[in-house]
Amino acid sequence: MSDTIIEVRDLVKHFPVRVGVLFKRVVGHVRAVDGVSFDLKRGETLGVVGESGCGKSTLAQVLMRLEPATSGSATFEGRNMLTMKGSELRKLRRDIQIVLQDPYTSLNPRMTVGDIVGEPFEIHPEVAPKGSRAQKVRELLDVVGLNPEHINRYPHQFSGGQRQRIGIARALALRPKVIVCDEPVSALDVSIQAQVMNLLGDLQTEFGLSYVFIAHDLSVVRHLSDRVAVMYLGKIVEVGTEEEIYEHPTHPYTQALLSAVPVPDPELRDQRQVIRLEGDVPSPVDPPSGCRFRTRCWKARDICATEVPELVTRVGNHPSACHFAEEKSVVP
Ligand SMILES: Nc1ncnc2c1ncn2[C@@H]1O[C@H](COP(=O)(O)OP(=O)(O)OP(=O)(O)O)[C@@H](O)[C@H]1O
Ligand SMILES: [Mg+2]
């Protein structure tokens, strides 16, 4: 078996922008995901990090086959996952699950926890015959650290962290190979975040899962990620192992994000130079020419406006999409 489970190449997802009341005219496109390539290895966690609107959730939606891709390719265990139909697509929908950010709105308030966690069995009855479902749901609740006796309670009777555990139990029900975690802890208190992250880590080991782990913040994904991809305006600007990204970042955007990560030690904090990014993220409808980061980059020169920097290894051991990639340790 190949050690790559998902292979994505030049993936593009554009949303048309329409105006007009009756005859809706397409006046442009939101270039939400604009040429993304990466591999997900079996059993690894790939962190995907970037500011709001850079295309993280859109990438997740395309991988989940909830949105069609505009172009590009993606394979799951070597087979084209973007065109699968019928029984092959049904199997894919078992193999890849998603955990969403908001445990308050992603669970149906009128369904009991048992019904929520067991719902995937209704859609895929082959996984668990009817008579065995309640027992399976109890086991799933136990696996995620919830009391199996609470199977008949409703979502509002649980805390935020517990609700996220319900979402995780549901994602596990069909014994998936990959879980896409779209900011699963962003809505939770910091003290609860670590517990949920630890649970996800334990489940990964227990079930041999591969994760695509989406977050805003580099500090959130560090502990769990084997590799990290940094996104900016629909593109991956730097990708590398946990050590390469956090200890030897080469893209100015990654360096700026790292410089904003809170450092608890006051002495180290004083030593550190914080890089403040000027301005807002430009619109993905009309991104800057050349390098998309150039309008906020302190290194930008003429070439950055005319030539798109390819994601290739220029310095060190990992790829970075910057004409002037340079190793710079940010966190002392
Ligand atoms: N269905 C849609 N139709 C039109 N535009 C969309 C749609 N979904 C997302 N977008 C746009 O695509 C861009 C990327 O959005 P996306 O939700 O993927 O970003 P994100 O990185 O997940 O952001 P956040 O961190 O806020 O969750 C944004 O400009 C967003 O407005
Ligand atoms: Mg999102």
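With 0.36 nm allotted per residue and the present C-alpha distance subtracted, the residue 79-residue 91 stretch has 3.1 nm of extension available. Label sites at residue 105 and residue 247, each approximated as a point 7 angstrom past Cα along Cα to Cβ, lie 4.1 nm apart. If the chain linking residue 9 and residue 175 were pulled fully straight, counting 0.36 nm for each residue of separation and taking away their Cα-Cα distance, it would gain 57.1 nm.
Annotation: amide H of residue 30 within the under-5 Å range of 15, 17, sequence separation 5 or more or interchain, hydrogens built in the peptide plane.
Couplings for region 93-103, taken from phi via the Karplus curve 6.51 cos²θ - 1.76 cosθ + 1.60 with θ = phi - 60°, read 5, 7, 6, 10, 10, 10, 10, 9, 5, 9, x Hz in order; Gly and Pro are left as x.
May I ask for the net charge around residue 137, where only other residues with Cβ less than 15 Å from the Cβ of residue 137 are counted and Lys, Arg are +1 while Asp, Glu are -1?
Numbers: positive: 130, 133, 136, 138, 153, 165, 170, 175; negative: 115, 119, 122, 139, 142, 149.
Taking every Cβ under 15 Å from that of residue 137, the sum is +2.
Computed from backbone phi, the HN-Hα couplings of region 232-237 come to 9, 6, x, 10, 7, 9 Hz, rounded to whole numbers (Karplus: 6.51 cos²θ - 1.76 cosθ + 1.60, θ = phi - 60°; Gly and Pro given as x).
For the chain, what is the mean residue ellipticity at 222 nm derived from helices alone (per DSSP H run of n ≥ 4: -39500 (n - 2.57); sum divided by total residues; nearest 500 deg cm²/dmol)?
On the way: 11 runs with 101 residues, N = 332.
That comes out to -8500 deg cm²/dmol.
Listed values for region 218-227 are Karplus-derived 3J(HN,Hα) couplings in whole Hz (6.51 cos²θ - 1.76 cosθ + 1.60, θ = phi - 60°), namely 4, 5, 5, 8, 4, 4, 8, 7, 7, 9, and x replaces Gly and Pro. With a Förster radius of 51 Å, plug the Cβ-Cβ distance of residue 260 and residue 134 into 1/(1 + (r/R0)^6) and report the FRET value to the nearest 0.05. The value I calculate is 0.60. Of 272, 170, 18, the residue with the greatest mean-square motion in the GNM of the chain, using alpha carbon springs below 10 Å, is 18. GNM on the chain, alpha-carbon springs under 10 angstrom: the most fluctuating residue among 195, 255, 61 is 195. The residues neighbouring residue 315, those whose beta-carbon lies less than 9 Å from its own, together hold a net charge of -1 under the Lys/Arg +1, Asp/Glu -1 convention. Here residue 115 and residue 286 are evaluated by their C-beta separation; at R0 = 56 Å the FRET efficiency comes out at 0.80. In plain terms, the chain from residue 142 to residue 24 could stretch by 37.4 nm, reckoned as 0.36 nm per residue minus the Cα-Cα distance. Here the calculated FRET efficiency for residue 152 and residue 17, from their Cβ-Cβ distance with R0 = 41 Å, stands at 0.35, rounded to the nearest 0.05. In this simple spin-label approximation, residue 198 and residue 217 carry label points 7 Å from Cα along the Cα→Cβ vector, and these lie 1.9 nm apart.
Longest span of the chain, sites excluded, free of GluC sites (Glu not before Pro) in DSSP loop with at most 12 other C-beta atoms within 10 Å? Could the numbers behind the result be given before it?
Numbers: sites that count: 126, 278, 307, 310.
That gives 127-277 as the longest site-free run.
Only Cα pairs under 8 Å and 6+ residues apart enter the sum, and on that basis the relative contact order of region 239-332 stands at 41 percent. Relative to the longest principal axis of the Cα atoms of the chain, the long axis of helix 190-207 makes an angle of roughly 70 degrees.
Residue 56: net charge of surrounding residues, Cβ under 11 Å, Lys/Arg +1, Asp/Glu -1, itself excluded?
Local charge sum for residue 56: -3.
Modelled spin-label separation between residue 312 and residue 327, with each label point placed 7 Å from Cα along the Cα-to-Cβ direction: 2.0 nm. For the chain, the Kirkwood estimate of the hydrodynamic radius, built from every pair of different alpha carbons, is 21.3 Å.
Look at the alpha carbon pairs under 8 Å that are at least 6 residues apart: their mean separation over the length of the chain gives a relative contact order of 19 percent.
No value in this document is a laboratory result; all are computed from the given coordinates. None of these values were measured; they are calculated from a predicted model. Counting neighbours? That spans all protein chains shown, and the Cβs are built from the backbone with ideal geometry, glycine included.
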